[in-house]
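Let me begin by presenting the structure, written as structure tokens, before commenting on it.
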Number of protein chains: 2
Amino acid sequence: MSILQIGAGGVGWVVAHKAAQNNDVLGDITIASRSIEKCEKIIESIKGKNNLKDSTKKLEAKAVNADDVEALVALIKDVQPDLVINAGPPWVNVSIMEACYQAKVSYLDTSVAVDLCSEGQQVPEAYDPQWAFREKFEEAGITGILGAGFDPGVVSVFAAYAAKHLFDEIETIDVMDINAGDHGKKFATNFDPETNMLEIQGDSFYWEQEEWHQVPCHTRMMEFDFPRCGNFKVYSMAHDEVRSLKEFIPAKRIEFWMGFGDRYLNYFNCMRDIGLLSADPVTLQDGTSVYPLKVLKALLPDPTSLAPGYTGLTCIGTWVRGKKDGKERSVFIYNNADHEVAYKDVEHQAIAYTTGVPAITAALQYFRGEWAGKGVYNMEQLNPDPFLETMPTIGLSWDVQELDPSEPVIHHLDKE
Amino acid sequence: MSILQIGAGGVGWVVAHKAAQNNDVLGDITIASRSIEKCEKIIESIKGKNNLKDSTKKLEAKAVNADDVEALVALIKDVQPDLVINAGPPWVNVSIMEACYQAKVSYLDTSVAVDLCSEGQQVPEAYDPQWAFREKFEEAGITGILGAGFDPGVVSVFAAYAAKHLFDEIETIDVMDINAGDHGKKFATNFDPETNMLEIQGDSFYWEQEEWHQVPCHTRMMEFDFPRCGNFKVYSMAHDEVRSLKEFIPAKRIEFWMGFGDRYLNYFNCMRDIGLLSADPVTLQDGTSVYPLKVLKALLPDPTSLAPGYTGLTCIGTWVRGKKDGKERSVFIYNNADHEVAYKDVEHQAIAYTTGVPAITAALQYFRGEWAGKGVYNMEQLNPDPFLETMPTIGLSWDVQELDPSEPVIHHLDKE
């Protein structure tokens, strides 16, 4: 048995550690990225933490340009893995899927959100390029598992679990995501600042009454009491799983919400007001053309540098409302992840941890034959039970909280 | 008679308009800057507004690099002006003074503040490079008038007026500067963003009890009720005139204060926190090195673009406390300038207007022989009376307000 992991950023870091901790099932591990040094640094951390469970199995670094399908095919043929995991950026999903198709090897990734802000790449079309591989994967006899992070990923499994066990009829699905942790910096992003800032300023898309609704960012807000974290304001945002949930778990309204503190939003609004969050280049007085977001990225702390001092919890979950046995029901299925616990386990923070642990949980289902159907699958299409049994054993617990079944109060905020 | 004006930015714009309105005294006008197009645009505006009082006098544009002393000397010899006015940036003061000395022509500028933040260029040393020309100017039989804007400039004349007419003994001199105008933008600076942002984040220097005191920006605050503008918070800041007032008008404490609204300070703090106000370059992922402040400059509105829609008033003045006829006395000598009035007069906003009008007021004193002593002078060294008689006739009125002679309440704010 063996896996080939592509990507050596924050998520790649956690995926590799978790794969190593489970290499009795996953076998040999090859980590490949554009920069072989980044892969070697991860391997060093895995060995330093004694995270390689079966030390007779291989753990290797390779260099590859993940945009280059031919190079990927050559690498896959060389490594001969049973599964390719894209733990790198989502914009290489399609080239890696094409390489897997050509090399006839199964595939798994953690996110589709390349750029949910640009025309033709927004939520309603988000999965189109990857869903186009359905027949090809079936025909090749391989498995594709899409969006196996936390959100998308576990939140979709939570929805499938709710549909299977907790409800006869689902009314609304709200994915809720907050980070109540503290990195001690005045302002920093938890993953790539460029991606993060593009993501949070795009219009939100939600599905309601059989159609898509598009609204400007931070204009739909609600307050929610998160277990162990307390009351937070959350804002409707464009996010991948809304698209796939709409496809596979019918509901009257499906929406994604992210928590932003007032302090974070103040920085965000200032940066947006002065034009620093623009995706368009500006020309400096000396004629140099620069992208403001790339300047911001260079100014802000490297997200991976936040991990050592990070404290506090995240809370991500799926809030489902509907009917069971003729009665109204409302449940919140969720995880709390602790930044310090994540750091002790894999030397990284909880944001990457909550993405990396589910990817390996899903990979384990594939290797055990639980999730090994031929074709391309989103997480909510697959049996939630074995996945939810495995996940707590490798780092992330989950719980179900019964809520008062009243309607959520959504505030419509006017923009300045 | 004739003048040579160097500089064609915001202040240059106003200086040229005002010179044209007074060309019966000042004679032919030559405007020179690195970009001849900017000079030509000003000439077009002057002609469009019919601001050339005596249309038989010349109004010409020339190109010059003001860093190049030889080129300046050649230009001065070609134009043969009676006075050279530096209406451009203060960092060319010294090269223009040197050229004036070599060509034996009198000199006037509006500010010394190159960079009051950097070691060796702070308030205590601010005038050293220009004061070094005192003997040379005397020997050459020419006049140098330094800092003939509003602040420095008129505020120093106000202090001289107070010393001459209103006080027997001066205790404190506080220069107070607020802009209560509204440009309608979320965030913009009234002059070059790079200079502005460097200036306001530097340590403040004030003179008290025979020594210099250095404190971080925005840590000394007081509230003051400005005529026609109301109550504003003002913060102690490094500014040129504190240095020259200390030299020529003895007082126990001399300090400069600038008003910043909470909204402005919030933008400022956000930009500083993320590193955008740093004077040091950052390296982007692709290896390009850029100066954050130059990126900010490219993002923010061009200060000259703010003028057409600008409304409201500025209030700048000198608050003097001391004794007269044995009694405690406190007076505020000030001007209110109106952005809309400034725009109607010269197609520019009040910030540049309050700098340009005093420069031409001072030039008129030179041409009338009131301020024509040989050597180098700061404004407070010269007779305030003819200057204060002329200034209202060419655009800026002034007034004296008697205040309750109690001590100002200075708040010491702790930094985060």
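The values are calculated or read from the model by the stated rules, or taken from the named source; none is laboratory data. Computed from a prediction, not measured in an experiment: that's the story for all the values here. Counting neighbours? That spans all protein chains shown, and the Cβs are built from the backbone with ideal geometry, glycine included. These accessible areas exclude ligands, DNA and RNA; they are computed on the full protein's heavy atoms, side chains included. Shrake-Rupley method; radii C 1.70, N 1.55, O 1.52, S 1.80 Å.
General observations
- The condition of being farther than 19 Å from A:L83 by Cα, of a type in the set (S, T, Y) and in contact with a Phe, Trp or Tyr (Cβ under 8 Å, 6 or more places away or on another chain) holds for A:T354.
- Members of the stretch B:322-341 that are open to solvent by 10 Å² or more (accessible area, probe 1.4 Å) and over 15 Å from B:V357 (Cβ atoms): B:K323, B:K324, B:D325, B:G326, B:K327, B:E328, B:R329, B:E340
- Residue tally, condition within 14 Å of chain A (Cβ to nearest Cβ) and of a type in the set (A, V, I, L, M, F, W, C), over the stretch B:183-212: 3
- Criterion applied to A:V282, A:V331 was being at pLDDT 95 or above and under 30 Å from B:P292 (Cβ atoms), and the one residue passing it is A:V282.
- For the stretch A:47-66, filtered to residues that are aliphatic (A, V, I, L, M) and in a strand (DSSP E or B), the residue that is most open to solvent (accessible area, probe 1.4 Å) is A:A63.
- Sole residue being aromatic (F, W, Y) and part of a helix (DSSP H, G or I), chosen from A:Y353, A:Y334: A:Y353
- Residue count for the stretch B:366-416 satisfying the condition of being hydroxyl-bearing (S, T, Y), over 30 Å from B:F137 (Cα atoms) and without any contact (Cβ under 8 Å) to a residue 60 or more places away in the chain: 1.
- Only helices (runs of 4 or more DSSP H) whose full extent lies in the stretch A:228-331 are considered here, and the ones with at least 2 residues that are within 14 Å of chain B (Cβ to nearest Cβ) are A:262-273, A:292-299.
- Residue list for the stretch A:128-154, restricted to those being assigned to a loop (DSSP other than H, G, I, E, B) and farther than 16 Å from A:W371 by Cα: A:A132, A:F133, A:F150, A:D151, A:P152
- Among the residues of the stretch A:162-177, those that are surrounded by 15 or more Cβ atoms within 10 Å (Cβ to Cβ) and outside any helix (DSSP H, G or I) comprise A:F167, A:I170, A:E171, A:T172, A:I173, A:D174, A:V175, A:M176, A:D177.
- Hey, B:K77 open to solvent by 40 Å² or more (accessible area, probe 1.4 Å) and free of Cβ contacts under 8 Å to residues at least 40 places away in the same chain or not: yes
- Every listed requirement among (1) under 26 Å from B:G10 (Cα atoms); (2) in a loop (DSSP other than H, G, I, E, B); (3) not β-branched (V, I, T) is met by B:E119 save one, (1).
- Selected residue (criterion: modelled with the highest pLDDT) from residues of the stretch A:25-46 that are out of contact with any strand residue (DSSP E or B) (no Cβ under 6 Å at 6 or more places or on another chain), open to solvent by less than 70 Å² (accessible area, probe 1.4 Å) and not in a helix (DSSP H, G or I): A:S33
- In the stretch A:237-257, the residues that are over 16 Å from A:E211 (Cα atoms) and modelled with pLDDT of 95 or more: A:W257
- Number of the condition not met by A:H213 [criteria: (1) out of contact with any Lys or Arg (no Cβ under 7 Å at 6 or more places or on another chain); (2) open to solvent by 20 Å² or more (accessible area, probe 1.4 Å); (3) farther than 22 Å from A:E247 by Cα; (4) not in a helix (DSSP H, G or I)]: (3)
- Test for A:P308: is it in the same structural domain as A:S236 (by TED's automatic domain parsing) and either basic (K, R) or touching a Ser or Thr at 6+ places or on another chain (Cβ under 9 Å) (or both): no
- Which numbered condition B:K18 misses (of (1) open to solvent by less than 10 Å² (accessible area, probe 1.4 Å); (2) charged (D, E, K, R); (3) over 19 Å from the mean Cα position of the chain (by Cα)): (3)
- Some residue of the stretch B:96-103 being closer than 27 Å to B:M237 by Cβ and assigned to a helix (DSSP H, G or I): yes
- Test: A:A180 is of a type in the set (A, V, I, L, M, F, W, C), more than 14 Å from every other protein chain (Cβ to nearest Cβ) and closer than 26 Å to A:F248 by Cα: no
- Any hit, the stretch A:50-58, residues being touching a helix residue (DSSP H, G or I) at 6+ places or on another chain (Cβ under 6 Å), within 22 Å of A:T354 (Cβ to Cβ) and of a type in the set (A, V, I, L, M, F, W, C): no
- Residues within the stretch A:178-203 that are touching a residue at least 24 places away in the same chain (Cβ under 8 Å), open to solvent by less than 20 Å² (accessible area, probe 1.4 Å) and among the polar types (S, T, N, Q), tallied: 1
- Selection count, the stretch A:283-321, where residues are of a type in the set (F, W, Y) and open to solvent by 50 Å² or more (accessible area, probe 1.4 Å): 1
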